[in-house]
Amino acid sequence: MPKRHNRFLGYTCYPLTELRNGQVIPMTEAIDSALAKQAMIAYCTKKGALAFGVADVDTLEKIAPKGHGPRDMLPRVKSVISIGVGGGTKGAWAADAKTLAYIGDTETTAYRIAYGLAFMIEREYGAQAIFCPPDMDPEKGARTPMQSLKLHAEIAGIGARSMAGDILLHPEFGMMYYASVFTELEIPADVPMEDNPCPHPSCVKLYKKSGKTPCMQFCPVDCISGTIDEAGKVAEMHYDAHACATMSQQYEAIPNMLLDMMDAQDPIERGMAVHSPENQLIWYKLSIGAGELLSLCYECMRVCPITQTALMADPVARGRGMRQKVAEAEAQAYAELDVEADQGD
Amino acid sequence: MAYGVTQQMIDTYWEIIFKLSLNKQTRIGDPVRELDFDEIAQQRAGSGLTDEEIAARIGLLPEQVGVVRVFVERKYYRIDQHRMLFHLGGQALEERPVPGSQGETEDPGRWHGIACGFDFQP
């Protein structure tokens with residue numbers, strides 16, 4: 001379908017409507033959805049996404065609890081798109097935890113791409129789209145998300161639940177950060193991954209020897225436990241999210257700091273409730289907007305062999321892999337040219 | 001207290017509310033990836049319920065469940081816990097014992113700072 005100049009919008013795009021038998025039909029019905037999906041993948045890849053998948057809305061609705069399905073957020077949603085981006089450098093994983101807490105997190109990249117994708121869909125296809133807020137439900141407090149981005153990504157086939165508190169892992173990219181886009185454009189859905197890369201064979205071996213996987217062993221607050229069956233698959237996974245929260249959701253410390261201030265018995269105690277080195281850092285992070293107040297603890301992922309050794313988890317290797325692909329594509333193109341030239345002769 | 005929640009109500013219900021909430025999550029097998037809807041339904045309570053779902057089970061209002069849940073979450077949240085992070089990773093990582101090796105430590109240079117809990121060369 002050709003793009004046309006839209007004089008109201010002032011730019012060239014796919015037409016938003018079509019006149020069919022005297023009736024104005026929304027263009028979303030005439031769009032080649034497979035091609036649209038390819039264009040979206042190209043957009044997200046160009047912006048830095050590693051993985052792209054589409055989750056089936058009906059499946060999500062079946063699994064998500066009432067009030068947290070995609071249609072609760074966008075009633076006419078037809079597709080839920082999930083994208084994944086990679087983490088920091090290999091060196092970041094070797095740094096001390098204080099440093100990793102500042103530099104390990106790349107989730108904002110995923111949000112930026114998803115935000116752009118929502119605009120791209122509206123501009124190119126005339127279908128409504130939203131960037132799904134990765135935030136907590138304002139009615140439910142600090143631990144209940146509006147939507148499960150994890151569920152979106154899993155159903156879209158770009159991650160599988162791990163022993164490490166169900167953090168999603170990908171066999172090629174290891175741990176990723178995810179973002180979702182909801183749209184009224186219907187595009188072909190993907191299916192969940194056929195296999196789960198977790199547990200890694202070395203984790204199974206360690207479990208058989210010690211009864212623990214690396215993520216269990218090195219969690220500083222013992223929030224992960226579980227069992228692995230004879231086939232080397234996760235039989236049971238238990239996750240104490242409340243314990244994990246004390247390490248990874250520092251924003252929850254703020255109300256407690258205020259309570260400590262009010263409960264303080266003397267001026268020194270009150271002063272320390274505000275000005276102790278750790279608490280000063282919270283004010284620092286809040287005021288300059290740098291340094292994360294969440295995702296502070298990465299110890300389970302630091303020791304995860306899938307996260308650390310997945311083929312494309314390392315950004316440098318990823319670059320090398322892409323260069324290799326380009327070189328192969330060039331060689332293939334030259335070979336085809338040679339064949340054509342020979343045939344021409 | 002908000003929504004008629006009393007201390008007695010908290011004392012009576014906090015444990016069950018906390019256990020059923022997202023604060024405690026259990027997964028058996030891999031039912032979501034496998035799209036095993038019966039198993040997903042079977043495991044709903046273990047995977048963490050919403051306030052509405054908990055309320056329906058124990059006969060309180062969702063708002064009351066929310067108040068009790070947040071009260072307990074705050075009680076369990078230790079403000080100083082994250083200090084543990086200050087001593088993890090980096091040099092500390094290299095001094096970690098290999099799990100299962102009874103406190104035996106590995107050559108730090110061998111692991112390049114990546115944890116040494118598995119049997120492969122990074």
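Taking B:His82, B:His87, A:His238 and ordering them by how much accessible surface each has at a 1.4 Å probe, largest first, produces B:His87, A:His238, B:His82.
Each helix, a run of at least 4 DSSP H residues, gives -39500 (n - 2.57); summed and divided by the residues of chain A, these come to -13500 deg cm²/dmol at 222 nm. Could you tell me which of rounded, prolate or oblate describes the stretch A:39-141, using a ≥ b ≥ c as the square roots of the eigenvalues of the alpha-carbon gyration tensor, with rounded for a/c under 1.5 and, failing that, prolate when a/b is larger than b/c and oblate otherwise? Oblate, since a/c reaches 1.5 and b/c is not below a/b. The residues neighbouring B:Val5, those whose beta-carbon lies less than 13 Å from its own, together hold a net charge of -2 under the Lys/Arg +1, Asp/Glu -1 convention.
Span-like helix check, chain A: qualifying full DSSP H segments, with Cα axial length of 20 Å or more and mean Kyte-Doolittle of -0.5 or more, are A:33-47, A:107-125. Mean partner shielding of peptide B:34-41, defined as the number of other chain Cβ atoms within 10 Å of each residue Cβ, is 2. Ordered from highest to lowest accessible area with the whole protein assembly present and a 1.4 Å probe, A:Met73, B:Met84 read as B:Met84, A:Met73.
Taking Lys and Arg as +1 and Asp and Glu as -1, the other residues whose beta-carbon sits under 15 Å from that of A:Ala49 total +2.
When +1 charges are put on Lys and Arg Cβ atoms and -1 charges on Asp and Glu Cβ atoms, the dipole computed for the stretch A:201-293 relative to its Cα centre reaches about 560 debye. Accessible surface for B:Trp14 stands near 60 Å², nearest 10, in the context of the full protein assembly shown (1.4 Å probe). Accessible area per residue was computed with a 1.4 Å probe on protein heavy atoms; B:Met9 scores about 40 Å². Using only side-chain charges placed at the Cβ, +1 for Lys and Arg and -1 for Asp and Glu, the dipole size of chain A relative to its Cα centre rounds to 360 debye. Taking the charge dipole of the stretch A:201-293 about its Cα centre, with +1 at Lys and Arg Cβ atoms and -1 at Asp and Glu Cβ atoms, the residue from A:Cys215, A:Gln249, A:Trp283 reaching farthest to the positive side is A:Cys215. For a straight C-alpha distance cut-off of 24 angstrom, the lysines reachable from A:Lys233 (same-chain residues fewer than eight places away being disregarded) are A:Lys150, A:Lys205, A:Lys208, A:Lys209, A:Lys212, B:Lys24. Note on the stretch A:165-230: with charges restricted to the Cβ of Lys and Arg (+1) and Asp and Glu (-1), its dipole about the Cα centre is near 640 debye. The residues neighbouring A:Val77, those whose beta-carbon lies less than 12 Å from its own, together hold a net charge of -3 under the Lys/Arg +1, Asp/Glu -1 convention. Projecting the Cα atoms of A:Pro171, A:Gly232, A:Phe52 onto the charge dipole of chain A (Cβ charges, centred on the Cα centre) puts A:Phe52 farthest toward the positive pole.
In this calculation the C-beta distance from B:Thr12 to A:Arg270 is compared with R0 = 35 Å, giving a FRET efficiency of 0.55.
The values are calculated or read from the model by the stated rules, or taken from the named source; none is laboratory data. Given the structure is predicted, the values throughout are model-derived calculations rather than measurements. Neighbour counts are summed over all protein chains in view; Cβ atoms, including those assigned to glycine, are modelled from backbone coordinates with ideal geometry. Each accessible area value is taken on the protein alone, full model and side chains, heavy atoms only, with ligands, DNA and RNA left out. Shrake-Rupley method; radii C 1.70, N 1.55, O 1.52, S 1.80 Å.
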